[in-house]
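**Q** Sharing a structure below in structure tokens format, with a few things to ask.
Throughout, read-outs are computed from the coordinates displayed, never taken from laboratory work. Because the structure is a prediction, the values reported are computed rather than measured. Here the Cβ positions follow ideal geometry from the backbone for every residue, glycine too, while neighbour counts run over all protein chains shown.
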Amino acid sequence: MAVITRDDLRAARRAYDEAIAKAERQRAAILAKASAEGMPQKEIIEATEYSRETVRRIIAAGKEQA
């Protein structure tokens, strides 16, 4: 069995951070699309269970990506 090195741990951390960043971009894109298609913010809030401010922040990020 191979010994885990610091480089292995750094690579795992980097992979995790990249996966989270990708998921956040995807989430922002879909919330921004829902908003652009006319879905009321109240429905987005209810569906995601995020606060109003969080939904606004995510939608704004999604619009910046587009």
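**Q** Starting with the fewest neighbours, write out Met39, Met1 ranked by other beta-carbon atoms found within 10 Å of each beta-carbon. Write out the running numbers ahead of the final one.
**A** Working: Met39 13, Met1 3.
Listed from fewest to most nearby Cβ atoms, that is Met1, Met39.
**Q** Can I ask one more? Note down the magnitude of the dipole of the chain about its Cα centre, charges +1 on Lys and Arg C-beta and -1 on Asp and Glu C-beta and zero elsewhere, to the nearest 20 debye. Present the calculation step by step, with values, prior to reporting the outcome.
**A** On the way: 13 positive and 11 negative charges, 34 e Å.
So the dipole magnitude of the chain works out to roughly 160 debye.
**Q** Return Leu9, Leu31 ranked ascending by Cβ neighbour count within 10 Å, so the fewest neighbours appear first. Each step should come with its number before you reach the end.
**A** Working: Leu9 10, Leu31 26.
The fewest-first ordering by Cβ neighbours comes to Leu9, Leu31.
**Q** Let me ask another. Semi-axes of the chain's equivalent ellipsoid from the Cα gyration tensor, sqrt of 5 times each eigenvalue, largest first, rounded to whole Å? If you can, show how the numbers build up before the last one.
**A** Details: eigenvalues 240, 28, 14 Å².
With the √(5λ) rule applied to the chain, the semi-axes are 35, 12, 8 Å.
**Q** Then there's this: Per residue of region 11-22, in order, report the coupling 6.51 cos²θ - 1.76 cosθ + 1.60 (Karplus, θ = phi - 60°) as ³J(HN,Hα) in whole Hz, putting x for Gly and Pro.
**A** Result, rounded to whole Hz: 5, 5, 5, 4, 4, 4, 4, 5, 5, 5, 4, 5.
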